Amino acid sequence: MKGDKMSNYLSIDLVPCWDLDIEQKMTIRNSVRNALIDRAVREQCATPDKFISRPLLSRDLGLLSWKTPELKKGAVWVDGALGDRKCVVIYKITQLSPNPKVHEIRMTVSGATVFICELDNLYCIIPIIKEMKRLEIEQIVFQIGNVENLRMEGYLPTAITIPMNATYKIEISSVDDGPGDEIILGGYVVEPRGYTIA
């Protein structure tokens, strides 16, 4: 049995990356990015050429890295606010830790829970990843697809947008205490040209 599980309210299932082909992934990336640009244009009453879009970085959410905090079965990963110069969309989650402990992620935007997702369905691929590393095979084709799909990565059924001036909080739930996992939140940032902070 898992440790302190969060409520299953608004729980969603991630779509594993091996269930999507390259064209589907590109369509998802382009659609969420374009939708975010359209939103920024509407909210700022400006033209698209006034904005740039770029991949989401940990620092955009106030994090030093994608490493989660030390796990104590339940923890707040980040609690912050975007400000009035950019908006963010998150559409996928990638677990990079070889022995993952985080099993659930909850996100709230402007005080409302937008999703609670379990990562367990991504972990079924761990034995294949470990076997591939054991055999030191650089390229091999499985029935699930190619090597690019041999990762614990899942796509949200519906992308989550953090609007300008919105607050956000991301909480994690784990089975065991210990060092944090490395989990990348894949998405995009749209901001005015020349605004990017190095």
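When the criteria are applied in full, ARG29 fails the requirement of being within 16 Å of the chain's Cα centre (by Cα) and assigned to a strand (DSSP E or B). Criterion applied to ILE37, ILE52 was being in contact with a helix residue (DSSP H, G or I) (Cβ under 7 Å, 6 or more places away or on another chain), within 13 Å of LYS86 (Cβ to Cβ) and in contact (Cβ under 8 Å) with a residue 40 or more places away in the chain, and the one residue passing it is ILE37.
Does at least one position in the range 46-54 carry a residue that is within 19 Å of ILE184 (Cα to Cα) and modelled with pLDDT of 90 or more?
Going residue by residue through the range 46-54, those that are within 19 Å of ILE184 (Cα to Cα) are 53-54.
Narrowing further to those that are modelled with pLDDT of 90 or more: 53-54.
The answer is yes, given that some residue of the range 46-54 is within 19 Å of ILE184 (Cα to Cα) and modelled with pLDDT of 90 or more.
Kindly indicate the residue of the range 66-84 that is within 13 Å of the chain's Cα centre (by Cα) and in a loop (DSSP other than H, G, I, E, B) and also nearest to ILE162 (Cα to Cα) among those meeting that condition. Taking the candidates together, the pick is TRP66. Here the condition is being modelled with pLDDT under 90 and among the hydrophobic types (A, V, I, L, M, F, W, C); of ILE140, ILE172, ILE160, ILE183, it holds for ILE140 alone. Filtered by the rule that a residue be of a type in the set (S, T, N, Q) and not in a helix (DSSP H, G or I), the range 32-53 gives THR47, SER53. So which residues in the range 84-137 are β-branched (Val, Ile, Thr) and modelled with pLDDT of 85 or more, if there are any at all? Once the filter is applied, which keeps residues that are β-branched (Val, Ile, Thr) and modelled with pLDDT of 85 or more, the range 84-137 yields VAL88, VAL89, ILE90, ILE93, THR94, VAL102, ILE105, THR108, VAL109, THR113, VAL114, ILE116.
The values are calculated or read from the model by the stated rules, or taken from the named source; none is laboratory data. As the structure is a prediction and not an experimental result, all values here were calculated from the model. Neighbour counts run over all protein chains shown; Cβ positions are idealised from the backbone, glycine included.
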